[in-house]
Amino acid sequence: MNIDKFTITSYDQLTGFDKANGSLDMILDELSDFTFSQEEEKVDITGKGGRTIGSLKKNKKVTGKGTNGMLSGGALAATLGADIESGEFSIRYTDTITVTANKGITTETAAGTPGNEIGTIYIRDENNAYISGGKKLTQASGEPAAGEFSYNPESKEITFYEGDVKDGTEVIAFYDAKVTGKRIANDADNYSKTLQVFLDVTCTDSCDNVFHGQFIIDRADFNGTFDLQGGSDPSTLGFEFTSLPNLCTGKTDLWKFIIFD
């Protein structure tokens, strides 16, 4: 390999590790772009007649920023100062239920105060409206009367008052349900993390030899400002960090770049 003439052809992946215990906190392996920015403040020293006779250089700063083509739970947690939790969590579920013979079945088990697990069921009007129009049924703790329904969470069965809802009618319910999954919480008192970061790249020299490189950032202080966008295009994840000297070891490297076959 010839490092007198070479180029970085791709940024392959960025990994971030907890500085206290060395555990992997994030991996970004769909990098669509990445930029290292180097800044240095230079103050001229002037002499007789205002001529420049030297310079004072200070405040070196390195920032890294890029975009990953897919969202990453670890990266979101790093920018929020959060942890990824596993377990059972409560969500608000939207359920469209078809009524047959004054009965309906919820997709999930509605959770909440017994006798008020669902609370309200909405029926659309002729204009398909169920907020500004339509009909609302309230949950009863016992046998339902007109305008009411009852719910059995064990069987997930809803019972409507006879004749209140025609067969084949789709009603809408919003209720809390328990799901098993992952959670990332954006706590107002927690801030973005500082991680040890490794950035793997692929390089090519002027003779078309392919080799590898790795940037090592001992203290990457992640920025907690970012956007989550969606719509016609898939969501991507933008990220940014500032490299800090490692005061614990006394090393002042903002990054190291190792090139190897």
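Please work out which residue is modelled with the lowest pLDDT, limiting yourself to segment 113-137 and to residues that are in a strand (DSSP E or B) and open to solvent by 70 Å² or more (accessible area, probe 1.4 Å). Talk me through it step by step, then tell me what you get.
Taking segment 113-137 first, the residues in a strand (DSSP E or B) are 120-123, 135-137.
Next, from what is left, pick out any that are open to solvent by 70 Å² or more (accessible area, probe 1.4 Å): 135-136.
Working: Lys135: 91, Lys136: 94.
Among them, the one singled out is Lys135.
Among the residues of segment 21-51, write down those that are open to solvent by 80 Å² or more (accessible area, probe 1.4 Å) and closer than 15 Å to Asp200 by Cβ.
Within segment 21-51, Leu24, Asp29, Glu30 meet the criteria.
Within segment 175-222, which residues are under 30 Å from Ala110 (Cα atoms), of a type in the set (A, V, I, L, M) and surrounded by 16 or more Cβ atoms within 10 Å (Cβ to Cβ)?
Step one: filter segment 175-222 for residues under 30 Å from Ala110 (Cα atoms), giving 175-188.
Remaining after also requiring of a type in the set (A, V, I, L, M): 177, 179, 184-185, 188.
Passing the criteria: only Ala177.
Within segment 228-237, is there a residue that is surrounded by 16 or more Cβ atoms within 10 Å (Cβ to Cβ), of a type outside the set (Gly, Ala, Ser) and either modelled with pLDDT under 95 or closer than 30 Å to Thr138 by Cα (or both)? Don't jump to the end; show me each part of the working.
Step one: of segment 228-237, the residues surrounded by 16 or more Cβ atoms within 10 Å (Cβ to Cβ) are 236-237.
If we keep only those that are of a type outside the set (Gly, Ala, Ser) too, we end up with 236-237.
Those still in the list that are either modelled with pLDDT under 95 or closer than 30 Å to Thr138 by Cα (or both) too: 236-237.
Yes, segment 228-237 contains a residue that is surrounded by 16 or more Cβ atoms within 10 Å (Cβ to Cβ), of a type outside the set (Gly, Ala, Ser) and either modelled with pLDDT under 95 or closer than 30 Å to Thr138 by Cα (or both).
Results for (1) touching a residue at least 12 places away in the same chain (Cβ under 8 Å); (2) under 30 Å from Asp25 (Cα atoms); (3) not polar (S, T, N, Q), shown as yes or no for each residue.
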position	(1), (2), (3)
Leu76	yes, yes, yes
Ser86	yes, yes, no
Thr120	yes, no, no
Arg124	yes, no, yes
Tyr130	yes, no, yes
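Of all residues being more than 13 Å from Gln38 (Cα to Cα) and of a type outside the set (Lys, Arg) in segment 241-252, which is surrounded by the fewest Cβ atoms within 10 Å (Cβ to Cβ)? Just the residue, please. Show your work before the answer.
Of segment 241-252, the ones more than 13 Å from Gln38 (Cα to Cα) are 245-252.
Okay, now just the ones that are also of a type outside the set (Lys, Arg), so 245-250, 252.
Values: Pro245: 14, Asn246: 16, Leu247: 9, Cys248: 9, Thr249: 10, Gly250: 7, Thr252: 10.
Once the filter is applied, the top-ranked residue is Gly250.
If we keep just the residues of segment 101-112 that are part of a loop (DSSP other than H, G, I, E, B) and out of contact with any Pro (no Cβ under 7 Å at 6 or more places or on another chain), which is surrounded by the most Cβ atoms within 10 Å (Cβ to Cβ)?
Across segment 101-112, the extreme among qualifying residues is Thr106.
If I filter segment 78-93 for residues that are part of a strand (DSSP E or B), more than 18 Å from the chain's Cα centre (by Cα), farther than 30 Å from Ala177 by Cβ and among the basic types (Lys, Arg), do I get at least one hit?
No: zero hits.
List every residue pair whose Cβ atoms sit under 8 Å apart, with the two residues 6 or more apart in sequence or on different chains, where the first one lies in segment 139-157 and is without any contact (Cβ under 8 Å) to a residue 12 or more places away in the chain and the second, anywhere, is crowded, with 17+ Cβ neighbours inside 10 Å and part of a loop (DSSP other than H, G, I, E, B).
Listed by first residue and then by second, the contacts come to Ser150/Ala140; Ser150/Pro144.
Return a yes/no flag: does segment 13-20 have any residue that is under 15 Å from His212 (Cα atoms) and open to solvent by 50 Å² or more (accessible area, probe 1.4 Å).
Within segment 13-20, the subset under 15 Å from His212 (Cα atoms) is 13-14.
Within this subset, residues satisfying the condition of being open to solvent by 50 Å² or more (accessible area, probe 1.4 Å) are 13.
For segment 13-20, residues under 15 Å from His212 (Cα atoms) and open to solvent by 50 Å² or more (accessible area, probe 1.4 Å): present.
Looking only at segment 138-191, count every residue that is in a strand (DSSP E or B), of a type outside the set (Lys, Arg), more than 14 Å from Gly119 (Cβ to Cβ) and within 39 Å of the chain's Cα centre (by Cα) and tell me the total.
7
Note down all Cβ pairs under 8 Å where the first residue falls in segment 178-194 and is of a type in the set (Phe, Trp, Tyr), the second is surrounded by 13 or more Cβ atoms within 10 Å (Cβ to Cβ), and they're at least six residues apart or on different chains.
Qualifying pairs under 8 Å: Tyr191/Gly81; Tyr191/Gly224.
Checking Thr98 against (1) free of Cβ contacts under 8 Å to residues at least 12 places away in the same chain; (2) surrounded by 11 or more Cβ atoms within 10 Å (Cβ to Cβ), which single condition isn't satisfied?
Tallying (1) free of Cβ contacts under 8 Å to residues at least 12 places away in the same chain; (2) surrounded by 11 or more Cβ atoms within 10 Å (Cβ to Cβ), Thr98 fails exactly one: (1).
The values are calculated or read from the model by the stated rules, or taken from the named source; none is laboratory data. Given the structure is predicted, the values throughout are model-derived calculations rather than measurements. All Cβ positions, even for glycine, are placed from backbone atoms using ideal geometry, and neighbour counts span all protein chains on display. The accessibility values were calculated without ligands, DNA or RNA, using every heavy atom of the protein model including side chains. Shrake-Rupley method; radii C 1.70, N 1.55, O 1.52, S 1.80 Å.
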